[in-house]
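Notes follow the structure.
The values are calculated or read from the model by the stated rules, or taken from the named source; none is laboratory data. Keep in mind that this is a model prediction, so the values were computed, not measured. As a convention, Cβ positions derive from the backbone with ideal geometry for all residues, glycine included, and neighbour counts pool all protein chains shown.
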Amino acid sequence: MSRRRIAALGALALSAVLALTACSSSTSGSGAGDDLGLAKAGTLTVATEGTYRPFTYHDESGKLVGYDVEIIEAVAKKLDLNIEFQETQWDGIFAGLDAGRVDVIANQVSINPEREQKYLFSEPYTVSPSVVVVKEGDDSISSFADLKGKKTAQSLTSNFYKLAEEAGADVTPIEGWAQAVELLRQDRVEATVNDKLTFLDYEKTDGPTGLKIAAETDPAKSAVVTTKDKKALIEKIDGALADLREDGTLAKISDKYFGADVTE
């Protein structure tokens, strides 16, 4: 074989290697997810509170952790995307989504008809009832109907606020769960409505708290939420959640925080 023939074959081989390298680079890292309409190429930007234990909070070292945090991190890993969290108070969390500063919210967002009119939801990853929490010894409330005329503490943009308002409660606006239970323990309100898992974790972590569950709804479903123009993204997230459910990851994360599978 001539030297010219050998050189030509070598050049072809080098070109093939370079082409394969280019293809590999385009499907990982910052290039991943470019067709999903992400705020930052290759990165899933997630809005969350960071103050809502056990779903999204900071541990003793200051690291952002929690059930929702681990779920969305596992989703991003499945999609070969980096992840970036933007922490914000609940009452402003949808504003960041509407403005395009974040791609999704992962913060125990309950699915309801009003939100479904404006946003897209993934398949649920949490199924849990809402509960009325009161002080131990208070037997004046045993159902949601008993909230009529009672003072409750709620975040005004939460699904729990809607439940309290529909029951006829006199709602005191607050920023989150910690403030609600503080007002309840100080007798400044008579009840608060929240997720059952939130109360059970609070009782487990800080108990005995002197509080109890007085009533609960049928189980509600919570999911990842995004804007209507991100259908391709939510379909990818649904696929990732299905894989994580099948391989046992969702159940494992749920058991870590709640000692049971609350994902379905």
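Conditions tested, residue by residue: (1) crowded, with 21+ Cβ neighbours inside 10 Å; (2) closer than 24 Å to residue 97 by Cβ; (3) touching a Leu at 6+ places or on another chain (Cβ under 6 Å); (4) outside the structural domain of residue 102 (by TED's automatic domain parsing).
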{"position": "170", "(1), (2), (3), (4)": "no, no, no, yes"}
{"position": "173", "(1), (2), (3), (4)": "no, yes, yes, yes"}
{"position": "180", "(1), (2), (3), (4)": "yes, yes, no, yes"}
{"position": "192", "(1), (2), (3), (4)": "yes, no, yes, yes"}
{"position": "196", "(1), (2), (3), (4)": "no, no, no, yes"}
{"position": "208", "(1), (2), (3), (4)": "no, no, no, yes"}
{"position": "211", "(1), (2), (3), (4)": "yes, no, no, yes"}
{"position": "229", "(1), (2), (3), (4)": "no, yes, no, no"}
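Note on the range 124-144: among residues that are under 26 Å from the mean Cα position of the chain (by Cα) and surrounded by fewer than 16 Cβ atoms within 10 Å (Cβ to Cβ), the one that is farthest from residue 97 (Cα to Cα) is 129. Taken across the range 96-107, residues that are outside any helix (DSSP H, G or I) and of a type in the set (Asp, Glu) do occur, with at least one present. Flag: residue 146 does not match the condition of being modelled with pLDDT under 95 and part of a helix (DSSP H, G or I).
Within the range 77-99, being among the polar types (S, T, N, Q) and surrounded by 14 or more Cβ atoms within 10 Å (Cβ to Cβ) holds for 82, 86, 88.
Count, please, the residues in the range 58-95 that happen to be in a strand (DSSP E or B) and either more than 16 Å from the chain's Cα centre (by Cα) or of a type in the set (A, V, I, L, M) (or both). Summing the residues that are in a strand (DSSP E or B) and either more than 16 Å from the chain's Cα centre (by Cα) or of a type in the set (A, V, I, L, M) (or both) in the range 58-95 gives 4.
Here is a yes/no grid of residues against (1) among the charged types (D, E, K, R); (2) surrounded by 18 or more Cβ atoms within 10 Å (Cβ to Cβ):
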{"residue": "37", "(1), (2)": "no, no"}
{"residue": "41", "(1), (2)": "no, no"}
{"residue": "47", "(1), (2)": "no, yes"}
{"residue": "56", "(1), (2)": "no, yes"}
{"residue": "61", "(1), (2)": "no, no"}
{"residue": "68", "(1), (2)": "yes, yes"}
{"residue": "71", "(1), (2)": "no, yes"}
{"residue": "75", "(1), (2)": "no, yes"}
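Going by what's in this entry, would residue 208 be described as out of contact with any Cys (no Cβ under 6 Å at 6 or more places or on another chain), in a strand (DSSP E or B), within 19 Å of residue 194 (Cα to Cα) and modelled with pLDDT under 95? Answer is no for this residue.
Against the criterion of being under 24 Å from residue 47 (Cα atoms), assigned to a helix (DSSP H, G or I), outside the structural domain of residue 79 (by TED's automatic domain parsing) and touching a residue at least 60 places away in the same chain (Cβ under 8 Å), residue 241 does not qualify. The residues of the range 170-190 that are assigned to a helix (DSSP H, G or I), under 16 Å from residue 89 (Cβ atoms) and of a type in the set (A, V, I, L, M, F, W, C), listed by number, are 177, 178, 180. The set of residues in the range 71-99 that are more than 13 Å from residue 157 (Cβ to Cβ) and free of Cβ contacts under 8 Å to residues at least 24 places away in the same chain comprises 73, 77, 99. Considering (1) part of a strand (DSSP E or B); (2) modelled with pLDDT under 95, the lone condition that residue 134 does not fulfil carries the number (2).
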